[in-house]
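What follows is a short report on a single structure.
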Amino acid sequence: MHLEKLSLTNFKNYEDGRFTFGRQVNVIVGPNGSGKTNLLDAVYFLSLSKSAFQTQDALSIQHDSDYFIIDGIFDENEGSAHERHVQITISLQRGQRKVLMADKKPYERVSEHIGRFPVVLVAPNDTDLVREHSEDRRQFFDGVLSQLDSDYLRDYLMYQQVLKQRNSVLKLFAERRQVDHELLDTYDEPLLAIGQRIFERRQRFVTEFLPQFQSHYTYLSDARETVNIVYESDAGKLGFADMFQQNRSRDVLLQRTTMGVHRDDYEFQIDGVALKRFGSQGQQKTFVIALKLGQFEQILAEKNSKPILLLDDIFDKLDDRRIGKLVELMERQTFGQTFITDARPERTEELLRAINADVKFFRVGE
């Protein structure tokens, strides 16, 4: 699977952009602020129907414009005797709902698109996964699972919907100063049932993912230390359903649901201690790159197809040893279609010179 063509209209700084990409390595070069990362984000948006960097879709509309359109052609069965080209179009008009189409036919549900054209992004701010809040780590693992497992994505979206409704009635109870316990029961039952499925799938995923991730970290770090991921969830505790019910008065007081899988976390460890507190910057960078490489390998194993790999400005953020390890993986043709951004084209040309792959350069901002 690879992206052949991409057209952008009023997307971020691209008023009208047209690109034809190579099947292997595509290097996007240009000065800082020229739109290199925006172009990667367009590929990400086309694959997952959302931006990697903006929380609101409307923020991707070019300033002073009323809409954007992202249009791309994917080769869905690359290398087979019957290659299938699929046109994916995403459009958004200010004040209206986003439209997502495959071959000019709208999807019934956006979730049907997730995982069809998998993508893995490695970006400079990835170490936020280590340093920031549990929500960032949950979003990462939920994003991986959503590309892999449509049942998980359906459960995740349903859980979020029920959670939102439960929180709304909790606020209503506070306003009325009266609690309807029977009404809460109608939300608690599905929330606990769906949450249990989410917990079990996350737990199983971490068990499957851990050996691959650890192998990548060992390779990147030359086996200098050991790493681990510990999935933490109250849902795995004995008697959790009773604990959830007993916590109801606290939920009413705080006007939100304070227990459940939406509060889960993943502890990142190095040599048995918290990476966040005791890991160096280099160790944290290596950790998150190993996470992304593990994500790549997991998708490949599940989908039997290499996801698109987006490498945003990593040559400027990594030391020579880690860059060398990534280039080695490229030399081995570990990856499929790859997109790289760099403000220094001569550096990228030098690094990729020895790779036995087709490399195509795109200059933006000129």
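The values are calculated or read from the model by the stated rules, or taken from the named source; none is laboratory data. None of the values given here were measured: they were computed from a predicted structure. Methodologically, a virtual Cβ is constructed for each residue, glycine included, from the backbone with ideal geometry; neighbour enumeration extends over all protein chains shown. Accessible surface areas use protein heavy atoms only, side chains included; no ligands, DNA or RNA. Shrake-Rupley method; radii C 1.70, N 1.55, O 1.52, S 1.80 Å.
Starting from the 7 Å offset along Cα-to-Cβ, what nm value, one decimal, do you get for the label separation of HIS133 and ASP16?
4.3
Using +1 at the Cβ of each Lys and Arg and -1 at the Cβ of each Asp and Glu in the chain, identify which of ASN13, THR226, HIS262 lies farthest towards the dipole's positive end.
Of the candidates, HIS262 comes out farthest on the positive side.
Quote the FRET efficiency, to the nearest 0.05, computed for LYS317 versus ALA241 with a Förster distance R0 of 41 Å and r equal to the Cβ-Cβ distance.
So, using R0 = 41 Å, E works out to roughly 0.35.
Residues in region 301-345 near a label at ASN32, defined as backbone nitrogen under 18 Å from the 7 Å Cα→Cβ point?
Inside the label zone: 312-319, 341-345.
Let's see if you can work this out: charge +1 on each Lys and Arg Cβ, -1 on each Asp and Glu Cβ, no other charges. What is the dipole magnitude of region 131-304 about its Cα centre, in debye to the nearest 20?
Here region 131-304 has a charge dipole of around 480 debye.
Can you tell me the alpha carbon radius of gyration of the chain divided by the globular rule-of-thumb value 2.2 N^0.38 Å?
For the chain, the normalised Cα radius of gyration comes out at 1.07.
Which peptide among 290-297, 319-326 comes first, and what is the full order, when sorted by highest mean count of other Cβ atoms within 10 Å?
Peptide ranking by packing, descending: 290-297, 319-326.
Per residue, what accessible area does region 131-304 have, given a 1.4 Å probe and all protein chains present, in Å²?
Each residue of region 131-304 exposes 52 Å² on average to a 1.4 Å probe.
On the protein heavy atoms, probe 1.4 angstrom, tell me the percent of accessible surface of the chain carried by carbon and sulfur.
45
Show me 63-69, 119-125 ranked by packing, highest mean number of other Cβ atoms within 10 Å first.
119-125, 63-69
Using a 7 Å offset from the Cα along the Cα-to-Cβ direction at both VAL86 and ARG154, what is the distance between the two label points in nm, to one decimal?
Roughly 1.8 nm, to one decimal.
Dipole size in debye (nearest 20) for region 278-344 around its Cα centre, Lys and Arg Cβ +1, Asp and Glu Cβ -1?
For this selection, approximately 120 debye.
Just list whichever of LYS36/LYS285; LYS164/LYS292; LYS36/LYS303 have alpha carbons separated by over 26 Å in the model shown.
Check vs 26 Å cut-off fails for LYS164/LYS292; LYS36/LYS303.
Once every DSSP H run of n ≥ 4 in the chain is given -39500 (n - 2.57) and the sum is divided by its residues, what mean residue ellipticity at 222 nm do you get, rounded to the nearest 500 deg cm²/dmol?
Roughly -14500 deg cm²/dmol at 222 nm, from the helical runs in the chain.
Looking at ILE114, ILE340, ASN167, which one has the Cα that reaches farthest to the positive end of the dipole of the chain (charges on Cβ: Lys, Arg +1; Asp, Glu -1)?
ASN167
Applying the Karplus parametrisation 6.51 cos²θ - 1.76 cosθ + 1.60 with θ = phi - 60° to the phi angles of region 258-270, what ³J(HN,Hα) value in whole Hz is obtained for each residue in order, glycine and proline being reported as x?
9, 10, x, 5, 6, 10, 5, 9, 10, 8, 8, 10, 9
Taking the Cα centre of the chain as origin, sum charge times position over the Cβ atoms of Lys and Arg (+1) and Asp and Glu (-1), and report the length of that vector in debye to the nearest 20.
Here the chain has a charge dipole of around 380 debye.
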